[in-house]
Amino acid sequence: MVAFAVFGSTVAPVTTEIINTGSELLLGRVLNTHQQWLCRTLADRGRAVHRQVAVSDEPEALVAAVREGLSRADWVIVTGGLGPTCDDRTRDLVAGLLGRRLVHQPDVEVQIRAYFEGRGRPVPARTRVEAMVPEGAEVLVNRHGTAPGLALWLDSNPLRESGKPSWLVMLPGPPRELRPMFTDEVLPRLDARFPLREPFACRTLKTTGLGESYMEERLEEPLRDLVARGMDLGFCARVGEVDVRFVARGPDARDVVDEAERRTREAAGEFVFGVEDDTLEKALVEACARRGLHLALAESCTGGHVAHRITNVPGASNVFEAGWVTYANAAKERDLGVPAGLLREHGAVSEPVARAMAEGARLKAGVDIAIAITGIAGPSGAVEGKPVGTVFIAVAHAGATRVERRLNAFDRETFKYVTAQQAMAMALRVALGDGPADAGTRS
């Protein structure tokens, strides 16, 4: 589980609750990504979510959740249940709860027909139900599907003891429909209806190579006075990474965040690889591209995981030359030129073999930088002096070949991910100039 430890205080002017509907969420068949994405999107804009629940498609559960949310919140978001099938009940149940008639909207039906006709498909008769809108609701355009979103402003909310108004927003379930609708249709209305009370700034630095406790110790003193002035400082531990987040409010919010980033880079620069949603593979590809460097890989225990992640980055073809998955010793000899004597004397999981793999890959591919990985992913395979999780990572470049031994005692999937992080971090330091690798130095 990842969670931010936050120091400081946050003030949210609007009480917000999210209700995610769908029996598939409670049956564990579908991961609830809405909760994370919506909470993060709002938090990054200075708006905290106060409560989130997931409920089944059963009418009683959905109605109870919406009634409870509207009884206390300024803004309630409901996701899912707006489609044309028998288990899509949100529209009808909310209308019934609020005593609103469902009214046919011809414009919505035209949009639904255009969606199907534009794809050369017949219009299912059942989709006509998606053009039924609760009386007084505002239609939110769906540019990536058929079910429109719906927004209801309750001037005098009968479900709230205070009688204060509430805003109810209903969004379609598919993420490819919900996310652009929320960004394009909901957020502008949110800012107009509930303006932020004070300027807000938020930034996340991505780091790797230090655990969150060590990172906090490193940053405690440099950031102490900014936290004392009210800046929120948070640490989020992920597999192989730690996010450092700064949140500030007030007229000087952006200046405070800028200063926090400057001090963090000064105190932990070698461990910082990006901001916000940057990935280590993206940072590596971009660093190589800036310097005209080319990259090759020789993987054993990671089974091509590093190559997979690098080729997920747009523009990787300008950097990534070749990769080998040499799982067997014979493949290490045949494809990378690893001497059989090294394998016999030291074993496949060893510093000399990792070095030979990296240098062989660099020579055969004719590149500037080559990464090699060999290790014991487990759960079996341990030998004396080399427990499960032992891995050797080598990075070869024009000036030298560096080899590091790590112990990543995790399950196989986590082992591969963490090892890939460590390998790319080593290569990134070379690509950024922490070493003599330069364009034009290919073997």
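Below are the figures for this structure:
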read-out: Yes/no for residue 194 being surrounded by 15 or more Cβ atoms within 10 Å (Cβ to Cβ), aromatic (Phe, Trp, Tyr) and either touching a helix residue (DSSP H, G or I) at 6+ places or on another chain (Cβ under 9 Å) or closer than 25 Å to residue 409 by Cβ (or both); value: no
read-out: Failed item, numbered, when residue 62 is tested on (1) within 13 Å of residue 23 (Cβ to Cβ); (2) surrounded by fewer than 21 Cβ atoms within 10 Å (Cβ to Cβ); (3) without any contact (Cβ under 8 Å) to a residue 60 or more places away in the chain; (4) not β-branched (Val, Ile, Thr); value: (2)
read-out: All strands (runs of 3 or more DSSP E) inside segment 133-225 with 1 or more residues being among the charged types (D, E, K, R); value: 138-140, 200-207
read-out: Selection from segment 124-151 of residues that are of a type in the set (A, V, I, L, M, F, W, C), in contact with a Leu (Cβ under 7 Å, 6 or more places away or on another chain) and without any contact (Cβ under 8 Å) to a residue 60 or more places away in the chain; value: 132, 133, 137, 139, 140, 151
read-out: Cβ-Cβ under 8 Å pairs, at least 6 apart or on other chains, segment 350-369 side in the same structural domain as residue 289 (by TED's automatic domain parsing), far side among the charged types (D, E, K, R) and modelled with pLDDT under 95; value: 366/442; 367/442; 368/438; 368/442
read-out: Selected residue [under 25 Å from the mean Cα position of the chain (by Cα) and over 28 Å from residue 203 (Cβ atoms)] from 69, 80; value: 80
read-out: Residue satisfying condition, being of a type in the set (D, E, K, R) and modelled with pLDDT under 95, within set 266, 259, 270; value: 270
read-out: Residue match in segment 346-359 (condition: over 16 Å from residue 394 (Cα atoms) and modelled with pLDDT of 95 or more); value: no
read-out: For residue 213: the one exception among (1) closer than 15 Å to residue 425 by Cβ; (2) surrounded by fewer than 16 Cβ atoms within 10 Å (Cβ to Cβ); (3) among the hydroxyl-bearing types (Ser, Thr, Tyr); value: (1)
read-out: In segment 128-149, residue nearest to the chain's Cα centre (by Cα) [restricted to those that are buried (at least 22 other Cβ atoms within 10 Å of the Cβ) and small (Gly, Ala, Ser)]; value: 149
read-out: Residue that is nearest to the chain's Cα centre (by Cα) [pool: residues in segment 283-327 that are of a type in the set (Lys, Arg) and over 22 Å from residue 403 (Cβ atoms)]; value: 290
read-out: Test: residue in segment 28-37 that is of a type in the set (A, V, I, L, M, F, W, C) and not in a helix (DSSP H, G or I); value: yes
read-out: Residue count, segment 378-397 (criterion: among the hydrophobic types (A, V, I, L, M, F, W, C), buried (at least 22 other Cβ atoms within 10 Å of the Cβ) and farther than 15 Å from residue 422 by Cα); value: 0
read-out: Residue selected from segment 90-110 under the condition in a loop (DSSP other than H, G, I, E, B) and touching an Asp or Glu at 6+ places or on another chain (Cβ under 6 Å), by the criterion surrounded by the fewest Cβ atoms within 10 Å (Cβ to Cβ); value: 101
read-out: Qualifying residue in segment 276-298 (condition: within 15 Å of residue 361 (Cα to Cα), assigned to a helix (DSSP H, G or I) and in the same structural domain as residue 417 (by TED's automatic domain parsing)); value: no
read-out: Selection status of residue 322, farther than 28 Å from residue 241 by Cβ, without any contact (Cβ under 8 Å) to a residue 60 or more places away in the chain and not aromatic (Phe, Trp, Tyr); value: no
read-out: Residues satisfying the stated conditions in segment 216-233, i.e. free of Cβ contacts under 8 Å to residues at least 60 places away in the same chain, of a type in the set (Gly, Ala, Ser) and surrounded by 13 or more Cβ atoms within 10 Å (Cβ to Cβ); value: none
read-out: Condition check for residue 377: within 30 Å of residue 291 (Cα to Cα) and of a type outside the set (Lys, Arg); value: no
read-out: Checking residue 205 against (1) in the same structural domain as residue 95 (by TED's automatic domain parsing); (2) touching a residue at least 40 places away in the same chain (Cβ under 8 Å), the condition it does not meet; value: (1)
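Okay, residues lined up against (1) modelled with pLDDT under 95; (2) of a type outside the set (Phe, Trp, Tyr); (3) closer than 30 Å to residue 421 by Cβ:
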position: 202; (1), (2), (3): yes, yes, yes
position: 208; (1), (2), (3): yes, yes, yes
position: 219; (1), (2), (3): no, yes, yes
position: 224; (1), (2), (3): no, yes, yes
position: 239; (1), (2), (3): yes, yes, yes
position: 255; (1), (2), (3): no, yes, no
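The values are calculated or read from the model by the stated rules, or taken from the named source; none is laboratory data. Fair warning: this is a prediction, and the values are worked out from it, not measured in the lab. Cβ atoms come from the backbone with ideal geometry, glycine included; neighbour counts cover every protein chain shown.
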